[in-house]
1. Rounded to the nearest 20 Debye, what is the dipole magnitude of the chain about its Cα centre when Lys and Arg each give +1 and Asp and Glu each give -1 at the C-beta?
2. Compute the label zone of Met147 within the stretch 159-177: residues whose backbone N is under 14 Å from the point 7 Å along Cα-to-Cβ.
3. Using the charge dipole of the stretch 80-153 (Lys, Arg: +1 at Cβ; Asp, Glu: -1 at Cβ; taken about the Cα centre), state which of Gly115, Phe99, Pro143 has its Cα farthest towards the positive end.
4. Quick one: the Cα spread of the stretch 122-243 along its three principal axes, in angstroms, biggest first?
5. Based on Cβ point charges of +1 for Lys and Arg and -1 for Asp and Glu, what charge dipole magnitude is obtained for the stretch 100-243 about its Cα centre, in debye rounded to the nearest 20?
6. Please compute the modelled spin-label separation between Tyr100 and Thr160, points set 7 Å along Cα→Cβ, answer in nm with one decimal.
7. Comparing Asp61, Asp155, Asp194, which has the greatest mean-square fluctuation in the GNM of the chain with Cα pairs linked when under 10 Å apart?
8. Measure out, as a whole number of angstrom, how far apart the alpha-carbon centroids of the stretch 14-59 and the stretch 127-195 sit.
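What follows is calculated from the coordinates using simple rules that are stated; it is not laboratory data. Note that the coordinates shown come from a computational prediction; the quantities given were computed from them, not determined experimentally. Because the Cβ atoms are built from the backbone with ideal geometry, glycine has one as well, and the counts that use them run over all protein chains shown.
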Amino acid sequence: MFYNIGSMQGAMERLENAQDSQTFQSAISVLLDHMKKIGMDSQYLIGLEKRAYYLPNEYSDRDTRAKILEAKKRVIAYIHEIMNVDENSTLLLKVLENFYLFLENLLERMPHKKGGIQKEKLENLQIKNEYDVQHLLYAYLKPLYPMARAEVNEDTGYGTVRTDILLDSENTIEIKCTRKGMILKKLIEEIEADMVHYSAKNIYFFIYDKEKLLENPYNFKKTYEEKMKDKQIHIIIHQPKIL
């Protein structure tokens, strides 16, 4: 049978058709190789290997096949789970990266002349610090993530930390807003501390670089998204033109 092992679907089809120990292990190897190829985090690879493990019964082929079937079910369920996580993460990133479109349309688009909202009043709205960013970002996200909460305290076991916006137990958003007099070292220290302290597996750092502190946003993003191995770090940077 031909499988397009260049795709996740092909790797999954190979797994689903595995009937014995040899074809099952081969399918798992192909799946792991493909996951590495598309850049999945190491935690997912380890998770797959754990679910694929089974102890063969040297005295019963029937029992061994039953264990392979159970392992196959675990792996398939796990792949569906992490693919859904990846899709949700992609959507959230897109929403966060489009935040400035929201600001542009709210503040720069001319209101209807017959409406009660006046351009002069909108121009008075200024983002001065993290609290202002949090207020606007929370309002922007709430319709899409109704369970989101702002400023949630978390007991880490050695102290209490406060999450800026908590989407759920696995996803948290930390907001940073650069200010006059702030140095890059201070921003880095805050981010590195948050990476360690928060328990969520997915941490989204929303950096509103008001003072254009980051000279190379791309390199900054790449460096800190690869900083942790047991958590998924996402860096979203906005360098506003007006606010």
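1. Numbers: 35 positive and 37 negative charges, 145 e Å.
Approximately 700 debye in magnitude.
2. Inside the label zone: 166-172.
3. Of the candidates, Gly115 comes out farthest on the positive side.
4. Principal-axis extents of the Cα atoms in the stretch 122-243, largest first: 42, 32, 25 Å.
5. Numbers: 23 positive and 23 negative charges, 134 e Å.
Approximately 640 debye in magnitude.
6. The answer from the label model is 3.7 nm.
7. Asp61
8. 37
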